[in-house]
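The block underneath contains the structure these notes are about, expressed in structure tokens.
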Amino acid sequence: MTSVGIDAMEIWTGKLVLDLPNTFAPVKGEDPEKYTKGLGLHTSSFPDVYEDIVTMGANAAKQLMDRKGLTPADIGRIDVATESAFDNSKPVSTYIAGCLEQVYDGDFRHANKGERKFACIAGTQSLDDAYNWIKAGRNRGRAALVIATDTALYERGDPGEATQGAGAVAMLIDEDPDLVELSTEQGYGSMDETDFLKPNQQFPSVDGKRSMQVYLARMREALEDYESVAGRTHPDLFEYIPFHTPFPGMVRKAALLGFRHMTRDTDIEDDLESEIGRQPREADFETWDDYEEAIRGYMDELKTTEQYRDWYGRVIEPTLDISSRVGNWYTGSVHIARLSALIAAADEGKDMTGKQLLVGSYGSGAQAEIHAETVQETWLDEIEAVDVDDQLAARTEISFDDYELIHDVHNHEKEIEVEEFTQPEAEFVFTGWGRMNERRYEYVE
């Protein structure tokens with residue numbers, strides 16, 4: 001049976017960077033460690049005046065196509081996942097295709113184009129769509145281009161302001177992939193929730209406490225559902241577990257929950273029994289509240305154990321590096337977690353061929369998906385070709401006053417003129433509006 005998965009990845013980060021502990025925190029009158037230790041964030045990426053979800057997505061896609069030697073004729077499907085769209089009818093994929101057609105011979109006239117929306121999980125759903133399209137034999141030998149692109153902005157003064165970010169991830173989905181093969185088995189946890197939403201508004205309405213609860217609940221349900229088709233999971237089965245990462249601090253809670261679930265009735269629980277006891281079982285408690293209190297107490301002790309700290313350091317921590325430097329990329333966040341893990345593996349000289357990743361995606365509203373990925377023999381060549389560190393190092397640092405200006409530039413309710421902070425070169429840029437209020441783009445040499 002032909003394998004299908006991610007053949008290659010590229011990113012494009014917003015070209016501006018805000019230092020959270022040294023620039024943002026002092027103005028807010030807050031302890032810098034609230035960001036570095038609490039949220040797990042150090043810097044955030046922001047788009048320059050001429051950047052938006054189209055330019056970032058098109059630039060990431062062009063990097064990928066150039067590196068893989070592709071033309072429009074090689075692409076049969078373009079799916080864009082975003083929760084930052086500016087048009088309720090015309091999909092972002094058509095804008096991105098139009099950009100790419102400026103620089104390549106041929107066009108995407110016969111490629112299927114679409115836009116996926118389900119908060120941050122839409123990027124993974126787009127992967128699923130491309131996977132199913134190829135597995136169904138409808139691709140005619142062509143690959144799919146999946147682009148997750150967002151500007152994750154909050155109202156100024158909102159508690160979520162420090163988690164902002166902007167960037168795009170482009171992924172090529174194909175047969176016999178060079179990076180990772182996607183598993184057939186998936187697990188879902190989904191409920192109608194109001195934890196985070198944007199009802200006809202650009203900036204989100206967020207119930208922070210509820211959002212955390214829903215994230216954890218849906219992840220647990222998705223893991224249980226995945227196990228119902230793939231069999232029991234165990235911490236030792238997976239080299240890395242990339243989670244949706246709105247900020248690294250949120251992943252700490254999901255990782256602890258996942259570790260407890262996967263170690264139940266295993267050798268690890270047996271080994272820990274003398275130190276912290278066995279996990280509470282619901283049948284041993286008269287009320288659900290008593291059971292939940294006991295679980296919380298067990299998890300408080302579990303996270304202090306050497307076994308858990310070692311596992312977290314090996315399996316989870318490496319997935320968080322890029323996110324800690326760019327902030328939340330919404331639909332792209334779980335995909336930069338995967339990339340971060342594989343970059344760490346390359347840096348450590350690990351042999352990842354045949355190793356498994358367990359990927360936990362989430363979107364508010366709310367749905368989680370769990371699936372596995374198998375790293376391919378050619379993974380290292382692909383990872384070494386991605387210039388993440390160079391891109392992040394090239395960002396231009398902005399002051400807090402600059403941050404407020406650039407936030408206003410990208411606020412759909414405001415019209416202000418601000419000079420660009422950087423000089424575009426060999427990239428797509430936003431140039432203004434057309435006769436029907438459409439956004440227009442050009443490639444700058």
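Please state, to two decimals, what the Cα-based radius of gyration of segment 266-420 comes to when divided by 2.2 N^0.38 Å (N = residues). If you can, show how the numbers build up before the last one.
Working: Rg = 21.7 Å, N = 155, 2.2 N^0.38 = 15.0 Å.
Against the compact-globule rule of thumb, the ratio is 1.45.
Each residue of segment 258-265 in order: what ³J(HN,Hα) in whole Hz does its phi give by Karplus 6.51 cos²θ - 1.76 cosθ + 1.60, θ = phi - 60°, with x for Gly and Pro?
Along segment 258-265, the couplings run x, 5, 4, 4, 6, 8, 4, 6 Hz.
Here are some pairs, 135/198; 68/414; 15/117; 15/198; which of them have Cα atoms lying more than 31 Å apart in this structure?
Over 31 Å Cα-Cα: 135/198; 68/414.
How about segment 266-296: which GluC sites (Glu not before Pro) there lie in a loop by DSSP and see at most 15 other Cβ atoms within 10 Å?
Here the sparse-neighbourhood loop sites are 286.
Just subtract the alpha-carbon distance of residue 71 and residue 396 from 0.36 nm times their residue separation and send over the number in nm, one decimal. Don't skip to the answer; put the middle values down first.
Details: separation 325, 0.36 × 325 = 117.00 nm, distance 3.19 nm.
Net length gain for the segment: 113.8 nm.
Stick to Cα atoms and the Kirkwood definition of Rh, then tell me Rg/Rh for segment 1-59. It would help to have the intermediate numbers written out before the result.
Details: Rg = 17.1 Å, Rh = 14.1 Å.
Answer for segment 1-59: 1.21.
Please find, in a Gaussian network model of the chain (springs between Cα atoms separated by less than 10 Å), the residue of 363, 38, 160 whose mean-square fluctuation is greatest.
38
Restricting to DSSP H runs of at least four residues, report the calculated mean residue ellipticity at 222 nm for the chain, -39500 (n - 2.57) per run over all residues, nearest 500 deg cm²/dmol.
-11000 deg cm²/dmol
If the cut-off is a Cα-Cα distance under 22 Å, which lysines reach residue 28, setting aside same-chain residues fewer than 8 apart in sequence?
Hits, sequence-local ones excluded: 37, 209.
Treating segment 377-428 as a set of equal point scatterers at the Cα positions, no solvent, please give the Debye-formula log₁₀ I(q)/I(0) at q = 0.12 Å⁻¹.
For the requested q values the scattering log ratios are -0.47.
Just rank 1, 171, fewest to most, by other beta-carbon atoms within 10 angstrom.
1, 171
Using just the alpha carbons, could you tell me how many Å³ per residue the convex hull of segment 4-444 encloses?
Working: hull volume 64.7 nm³, N = 441.
It is 147 Å³ per residue.
Take the chain, connect every pair of alpha-carbon atoms lying under 10 Å apart with a spring to form a Gaussian network, then pick out the residue of 167, 189, 14 with the largest mean-square fluctuation.
Answer for the Gaussian network model of the chain: 189.
Mind pulling the angle between the C-alpha long axis of helix 267-276 and the longest principal axis of the chain? Nearest 10 degrees, somewhere in 0 to 90.
Between helix and principal axis, roughly 70 degrees.
None of the figures in this text is laboratory data; all of them are computed from the coordinates on show. Just so it is clear, the structure is predicted and the values come from calculations on it, not from any experiment. Neighbour counts run over all protein chains shown; Cβ positions are idealised from the backbone, glycine included.
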